[in-house]
1. Helix 2-45 sits at what angle to the longest principal axis of the chain, using alpha carbons and giving 0 to 90 degrees rounded to 10?
2. How far is helix 47-69 tilted off the main Cα axis of the chain, in degrees rounded to 10, range 0 to 90?
3. Going by a ≥ b ≥ c, the root eigenvalues of the Cα gyration tensor, does the range 2-69 fall in the rounded group (a/c under 1.5), the prolate group (a/b larger than b/c) or the oblate group?
4. Taking the simple approach of a point 7 Å from Cα along Cα-to-Cβ for both Val34 and Ile16, what is their distance in nm?
5. For the chain, what does the helix formula give at 222 nm: sum of -39500 (n - 2.57) over DSSP H segments with n ≥ 4, over the residue count, nearest 500 deg cm²/dmol?
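Throughout, read-outs are computed from the coordinates displayed, never taken from laboratory work. Quick caveat: nothing in here was measured; it's all calculated off a predicted structure. All Cβ positions, even for glycine, are placed from backbone atoms using ideal geometry, and neighbour counts span all protein chains on display.
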Amino acid sequence: MLELLDSLYIMAMCRINCLKEEERGAVDLVTIVVLIGIAIVLAVLFRSRIEALLGTLFDNIESNATKATS
């Protein structure tokens, strides 16, 4: 009888551990989706500033490349 209880206990603990691992995966997925959503919102809010910054950076790169090859 004790062996049966031990094996049932071990099986229950294995299933609980599997459930915990599955829940971690779901939480990780939700976290990733939330972070992507925040990145998209920030990109939309600061779109004009990002475009200006990238324009300035590429202009500087182009002018420095022209100076370097001259």
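1. Between the helix axis and the principal axis of the chain, the angle is about 20 degrees.
2. The angle comes out near 60 degrees.
3. Because a/c hits 1.5 or more and a/b fails to exceed b/c, the range 2-69 counts as oblate.
4. 2.7 nm
5. Calculated from helices alone, the mean residue ellipticity at 222 nm is -35000 deg cm²/dmol.
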